[in-house]
Amino acid sequence: MANPKIVYQCQSCGYVSPKWLGRCPDCGQWNSLVEERPSSGRATRSRSKAEPRLISSIKEETGKRTSTHIAEFDRVLGGGIVAGSVILVGGDPGIGKSTMLLQAAAGLKGGVLYVSGEESPEQIKIRADRLSIKSDTIALLPETDLENIIDAAEGTRPAAIIIDSIQTMYTGELPSAPGSVGQVRECATKLMFFAKKSGIPVFIVGHVTKEGAIAGPRVLEHIVDTVLYFEGDRGHSYRILRAVKNRFGSTNEIGVFEMTDSGLSEIENPSELFLSERPANAAGSLVVSSIEGTRPLLVEIQALVTPTSFGMPRRAAIGMDFQRVSLLIAVLEKIAGLHLGGMDIFTNVVGGLKIAEPAMDLGAALAIASSLRELPVPPDLFVFGEVGLSGEIRAVSQAELRLKEAAKIGFRKAVISKTNSQRLKDTFGLDITGAGNLREALEAIGL
Ligand code: TYD
Ligand code: MG
């Protein structure tokens, strides 16, 4: 039976229909109609009228941040939790979102309301014991009805609220099941209004669903203030918390953790961890300095180049953009004269890391050359630089920061773009070669 208060709106063109349709009759998009409450904003928004104010008369409040006492987590948030902010923590099921937030809750001063729609209080207690959390400030609420949750929060006024997970919550105002796009969005919007009105920060857990975009954290990204993704590889114990949107801090900031038997532990020097198992004198292995957020991270890129045994050469890139690697292979062939045509080429960013920065280009190109020639590069060498289509090596941002970090860890030689090297004010005791193009870079390291 149709609920007269509900309409279905196309998410791509805004067409409104009184009943659900598989395809929008207006723009032709499939599966784009989502139920909405026509009065949505008005019913929940506070009625108090805002007055225009001069910028100079507004007191800065962003300085007030609450610490979770997990340094990596605080840094990813931009220096702690801002009052009244809504933080989405997205990630694959089982990656450690609940663990992370329970640990953060234990670190917060003041009461925390931990709302779980997935696990019973007993299950959460078992986890808390495993994490050695003896906090008497975390109140568990097994509830999925959002109106009841907001009532409970208004009654207890906690220092923070954790909603685990948004896919299990529902509001009675929409008839659809929890986890549908309409419910997920409506619940998040209500939590947002509540956070802004009360000043209580809200953490929302969102599982990444199989379909990717649908009813997963993506539909919430524009509603919330901060979006953190918890990433990791099942085969590895480390986890990366990455800020992809932050109204109160820089994005792309990462925090590195290790999942242990007793919860997540912080890794203060991730570069050392990622390089700890690097094989000595192996061809095809190269260290690259990448900037993630505000922090340089040294990572190992490996390449394996072998003759194709039959048919089409196989190409694969793990942790890097495949198109980008294909482009580098073409540049190496055409400009540097490497014979890669009949070769299978695999590249891998070690440690399950995913890096999208163009500064990785030079490392990937040189790793491929090193594997092809079967010549290892010096173990204390690292590189960074963007490679252009005519083989030129382009400058990247924050060169000094990258060099400084690598020097600190014990690297002695660097190959970077000529432009970057000419602009340097300090060499940090490194032997730096500025290369204008790929050929010069290959020559500099004897490939
Ligand atoms: P969890 O936080 O429940 O993941 P999510 O909320 O993202 O679904 O973490 C689940 C995984 O973490 C599970 O496979 C067990 C593992 N784990 C540990 O290895 N050590 C621990 O101390 C805890 C609590 C969990
Ligand atoms: Mg969970």
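Listing for the model above:
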item: Signed unit charges on C-beta, dipole axis of the chain, positive-most listed residue GLN398, GLN9, SER262; result: GLN9
item: Sequence-separation-based contact order of region 63-268, relative, with Cα cut under 8 Å and 6+ spacing, percent; result: 28
item: Sorted by Cβ density within 10 Å, fewest first, the residues MET100, MET320; result: MET320, MET100
item: Whole-angstrom gap from region 11-32 to region 296-328, using each part's C-alpha centre; result: 42
item: For region 273-444, alpha-carbon Rg relative to the globular expectation (2.2 N^0.38 Å, N residues); result: 0.96
item: Beta bridges by DSSP in the chain, antiparallel share as percent, to the nearest 5; result: 55
item: Cα→Cβ-extended label distance, 7 Å offset, between ILE409 and GLU374, nm; result: 2.9
item: Value of relative contact order over region 273-444, rounded to a whole percent, pairs C-alpha under 8 Å and six or more apart; result: 24
item: Acute angle (nearest 10 degrees) that the helix 322-334 long axis makes with the longest principal axis of the chain, alpha-carbon atoms; result: 20
item: Volume of the Cα convex hull of the chain, divided per residue and given in Å³; result: 201
item: Extension gain from GLU443 to PHE322, taking 0.36 nm per residue of separation minus the Cα-Cα distance; result: 41.0 nm
item: Crossing angle, helix 361-373 versus the chain [Cα axis fit, 0-90 degrees, rounded to tens]; result: 40
item: Kirkwood Rh, Cα atoms: Rg over Rh of region 119-213; result: 0.98
item: Gyration tensor verdict on region 63-268 (Cα atoms; rounded if a/c is under 1.5, prolate if a/b is larger than b/c, oblate otherwise); result: rounded
item: Sites matching chymotrypsin sites (Phe, Trp or Tyr not before Pro) across region 268-356 that sit in DSSP coil, with at most 12 neighbouring C-beta atoms within 10 Å; result: PHE310
item: Quarter of the Cα convex hull surface for region 304-349, i.e. its orientation-mean projected area (nm²); result: 3.1
item: Cβ-isolated cysteines (cut-off 4.7 Å), the chain; result: CYS187
item: Paramagnetic label zone (point 7 Å from Cα along Cα-to-C-beta, ILE55; backbone N under 20 Å) in region 223-256; result: 247-250
item: Size of charge dipole - region 63-268 - debye, nearest 20, with Cβ of Lys, Arg +1 and Asp, Glu -1, no other charges; result: 540
item: Theoretical ellipticity at 222 nm over the chain - DSSP helices of four or more residues, -39500 (n - 2.57) apiece, nearest 500; result: -7500 deg cm²/dmol
item: Added length on full extension, which subtracts the Cα-Cα distance from 0.36 nm per residue, CYS13 to ALA177; result: 56.6 nm
item: Qualifying trypsin sites (Lys or Arg not before Pro) for region 205-270 [loop in DSSP, other Cβ within 10 Å: at most 11]; result: LYS210, ARG234
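Bear in mind that the values in this text are calculations on the coordinates, not laboratory data. Being a predicted model, the structure only gives us computed values, none of them experimental. Cβ: placed from backbone, ideal geometry, glycine included. Neighbour counts: every protein chain shown.
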